[in-house]
Amino acid sequence: MKIIDNFITAYDTDFYQKQSQIIAEQIEDQLFKRGIKAMVTFRAKKRDRLRDKLIKRNADKRYHSMEDILEDIVDLAGIRVSLYFPSERDVIDEIITDIFNVEKKKIFPTEAHTPKHAKRFSGYWATHYRIRYKDEHITAHNSIIAEIQVASVLMHAWSEVEHDLVYKPYSGFLSREELSILDEINGMVLSGEIALERLQSAMAERTKQKNAITNKYELTNFLISAIDKEYKNKIKIGDTYLLNNYLNTIKKLDTNQFIDFINKIDVTSQESATDQLLNMLLLNYQDNDGVSLRNYFKNLGIADRKVSSCEAFIRRWVMLEQQIRALHFEEEIGTTKAITYAYKIIKNNKFLTDEEILTLDHLGKLRNDLLHGIRIPTERSLKESLELLTELSKKLINSQDA
């Protein structure tokens, strides 16, 4: 008991509250960018509840140190993501694995769990993640373990009621009738999740019928519904904010045309679906006056003085890809489902030296950074990169003419 008392005395509720808030805000930022509607809540474990839990668990765990407790209790900082649409769990999984180190992932229901009472329905459907910050974010103060719980809004509401009444019976143990009512409500919740998935499909169909995508939430819903279920777990969806930004600037694409592009996504690629689609649109919907690209970069919040340099670099990169595709490799490119990898053909056919290929790879990373609005270099650096890209483009074209 002394170890538990010492831990409770040293337990800093404010610290864990702040850490859970930081994690929640990171998730919310990604939800916004990817067009996912959900409620994100956070909390630090309350001191009195924590003490009760430690006393109960100590009967089996036999804590010998405060470190033992820290390794055992993983939800001192707790975050809950309540999804409007259950089918978007895969996108949340993508977000969490992208921005955190996932030490353990647990999917419910699990056969290892034995409920405290007989149930007709399957109970709690959710995914729990035990996470730490990525290495680059670790400091002496934030290398903590936190728990993220992901489920539908309906499921979280039901589980909160069941958990407090069944597993934390502060008002006494429930009768058989009360347990049956909870089980019945669980059945309603599971039916409600099916209804939510049908609602999501109906919304996607409405978007298709009106032949226009008006915001990133419609875009995410339409994209998730359009990608074959067989491939959803094989490719990352990516940042729909960027794709929606470009769609809003070109204003030329209807949903039927968009489906044609979706069908060309390469599910074997490391590149996300949205990045592939953005590249396809850049290749197929270039404006002559440059308004689309300028507005795209302005919408990303890039400083006006750098917008023209970013636009010039991307325009040159697109010209490079179009030139390669227009030469003698239409058949080779056509054998893949995606049309986003023209510069790979450069490597395969050895049109550039190894050093020049490394330079092209570096410029390709710069292209990605610009389109994502991250790590924007100085105007001078952008100008130098544009000159390098122009030189490589000329060499490639000359090598074909030779």
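Any read-out appearing in this document is the output of simple, stated calculations on the displayed coordinates, not a laboratory observation. Just so you know, these numbers come straight off a predicted model, no measurement behind them. Positions of Cβ are generated from backbone atoms using ideal geometry, with glycine treated the same way; all protein chains shown enter the neighbour counts.
Summary of packing: across the peptides 19-27, 372-380, the per-residue average of other C-beta atoms within 10 Å ranks them, highest first, as 19-27, 372-380.
When DSSP beta bridges are restricted to pairs lying wholly in the chain, around 75% turn out antiparallel. Helix 153-162 and the longest principal axis of the C-alpha atoms of the chain enclose an angle of approximately 20°. Once the convex hull of all Cα atoms in the chain is built, its volume per residue stands at 179 Å³.
Less than 10 Å Cβ to Cβ from Q17, Lys/Arg counted +1 and Asp/Glu -1: what total charge do the surrounding residues give? Every neighbour counted, the sum reads +1.
Compute the long axis of helix 13-34 from its Cα atoms, compare it with the longest principal axis of the Cα atoms of the chain, and write down the angle in degrees, 0 to 90, nearest 10. With rounding to tens, the tilt is 40 degrees.
May I ask for the angle, rounded to the nearest 10°, between helix 176-210 and the longest principal axis of the chain, with both axes built from Cα atoms and the value confined to 0 to 90°? Between the helix axis and the principal axis of the chain, the angle is about 10 degrees. Principal axis extents of the Cα atoms in the stretch 199-314, from largest to smallest and rounded to whole angstrom, are 44, 32, 23. With the simple model of a label 7 Å out from the Cα in the direction of the Cβ, K350 to I194 spans 6.1 nm.
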